[in-house]
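Visitor: After the structure tokens below, expect a handful of questions from me.
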Amino acid sequence: DQQVKQNSPSLSVQEGRISILNCDYTNSMFDYFLWYKKYPAEGPTFLISISSIKDKNEDGRFTVFLNKSAKHLSLHIVPSQPGDSAVYFCAAKRNYGGSQGNLIFGKGTKLSVKP
Amino acid sequence: EAQVTQNPRYLITVTGKKLTVTCSQNMNHEYMSWYRQDPGLGLRQIYYSMNVEVTDKGDVPEGYKVSRKEKRNFPLILESPSPNQTSLYFCASPRAPGGQDGRYTEAFFGQGTRLTVV
């Protein structure tokens, strides 16, 4: 039972264009969503997050949109740069029971930004 | 500098030989977690801890043990490793949720431990 789904294993984008990474979730008890970026041989690093009470959060070139009714969020990177090439994980925080603070991750989307 | 430190970074071992992967954080966080990353499966939580002496199973706890005797350390123990535990392991330490809006901040991850069980 996969509660956080990233249905695109990979995405290829031209430098300077927009990258849109998508994530769907099934559990309405999630109260916070995060995006992580991971380079090979490194641990994931936090990129941007959004509370379930918001529908948009922006940080520089990165914007996360949340559509609660559709249980869908997306990460937009504009403009995309070759250094953005990495695996991006969507994660959701549980807000119930004794497991508050724990994150459930999607399978990741590998983004390749071509010069 | 906020850090989560895992050791070792790489480990090759044989089936059945007990091993421990250490994890330490310098942020005085209450929460710590262990994840494993496998191709096509993303990051899956093994165990987590909400405070000293408080631990609980994540989504894939079979074959693993943890302990939390002090706040900064959260070792992952494989009593009898098997080849299906060959994976990339990450320790993470988020700040606890707080604030009226349940504001949550990101988890800090260690660099990873690549374990191979032959």
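Visitor: Output yes when any residue across region A:95-115 is touching a strand residue (DSSP E or B) at 6+ places or on another chain (Cβ under 6 Å) and exposed (fewer than 14 other Cβ atoms within 10 Å of the Cβ), and no when none is.
Guide: yes
Visitor: For region B:44-63: of the residues being of a type in the set (Gly, Ala, Ser) and at negative phi, which is nearest to the other protein chains (Cβ to nearest Cβ)?
Guide: Applying the filter and picking the extreme gives B:Gly58.
Visitor: Determine if region A:49-68 includes at least one residue that is under 24 Å from B:Gln37 (Cβ atoms), modelled with pLDDT under 90 and surrounded by 18 or more Cβ atoms within 10 Å (Cβ to Cβ).
Guide: Yes, that holds for at least one residue.
Visitor: For B:Arg68, state whether it is basic (Lys, Arg), modelled with pLDDT of 90 or more and either within 25 Å of A:Gln2 (Cβ to Cβ) or over 10 Å from the mean Cα position of the chain (by Cα) (or both).
Guide: For B:Arg68, the condition - basic (Lys, Arg), modelled with pLDDT of 90 or more and either within 25 Å of A:Gln2 (Cβ to Cβ) or over 10 Å from the mean Cα position of the chain (by Cα) (or both) - is met.
Visitor: For region B:33-74, enumerate the residues that are in contact with a strand residue (DSSP E or B) (Cβ under 6 Å, 6 or more places away or on another chain) and of a type in the set (Ser, Thr, Tyr).
Guide: Across region B:33-74, the qualifying residues are B:Ser33, B:Tyr35, B:Tyr47, B:Tyr48, B:Ser49, B:Thr55, B:Tyr64.
Visitor: Additional query: Has region A:38-47 got at least one residue that is under 26 Å from B:Phe90 (Cα atoms), at pLDDT 95 or above, touching a Lys or Arg at 6+ places or on another chain (Cβ under 8 Å) and crowded, with 21+ Cβ neighbours inside 10 Å?
Guide: No - not one qualifying residue is present in region A:38-47.
Visitor: Mind counting the residues in region B:12-43 that are open to solvent by 60 Å² or more (accessible area, probe 1.4 Å) and facing chain A (nearest Cβ under 8 Å)?
Guide: Selection size over region B:12-43: 1.
Visitor: Scan (1) open to solvent by 20 Å² or more (accessible area, probe 1.4 Å); (2) more than 30 Å from B:Gln3 (Cβ to Cβ) for the single condition A:Val13 breaks and write down its number.
Guide: Of (1) open to solvent by 20 Å² or more (accessible area, probe 1.4 Å); (2) more than 30 Å from B:Gln3 (Cβ to Cβ), only one is false for A:Val13: (1).
Visitor: List every residue pair whose Cβ atoms lie under 7 Å apart, where the two residues are 6 or more positions apart in sequence or sit on different chains, the first residue falls within region B:101-118 and is modelled with pLDDT under 90 and of a type in the set (A, V, I, L, M), and the second residue, located anywhere, is open to solvent by less than 10 Å² (accessible area, probe 1.4 Å) and outside any loop (DSSP other than H, G, I, E, B).
Guide: The qualifying pairs are B:Ala107/A:Leu103; B:Ala107/B:Ala92; B:Ala107/B:Ser93; B:Ala107/B:Pro94.
Visitor: If you don't mind, another one. Check region A:89-104 and report whether any residue there is away from chain B (no Cβ under 14 Å) and under 10 Å from the mean Cα position of the chain (by Cα).
Guide: Looking through region A:89-104, none of the residues is away from chain B (no Cβ under 14 Å) and under 10 Å from the mean Cα position of the chain (by Cα).
Visitor: State yes or no: is A:Gly43 within 14 Å of chain B (Cβ to nearest Cβ), touching a Cys at 6+ places or on another chain (Cβ under 6 Å) and closer than 28 Å to B:Thr5 by Cα?
Guide: no
Visitor: On to the next question. Would you mind listing the strands (runs of 3 or more DSSP E) fully within region A:1-71 where at least 3 residues are within 21 Å of A:Gly83 (Cβ to Cβ)?
Guide: A:10-14, A:19-25, A:30-38, A:45-51, A:62-67
Visitor: Then there's this: Please work out which one of (1) closer than 15 Å to A:Cys90 by Cα; (2) at the interface with chain B (Cβ under 10 Å from one of its Cβ atoms) is the condition A:Asp24 fails and give its number.
Guide: So the condition that A:Asp24 fails would be (2).
The values are calculated or read from the model by the stated rules, or taken from the named source; none is laboratory data. On a predicted model such as this, the values are computed, not experimentally measured, just so you know. Cβ sites come from the backbone with ideal geometry, for glycine too, and all protein chains shown count toward neighbours. To get the accessible areas, we keep the full protein, side chains included, count just its heavy atoms, and leave off ligands, DNA and RNA. Shrake-Rupley method; radii C 1.70, N 1.55, O 1.52, S 1.80 Å.
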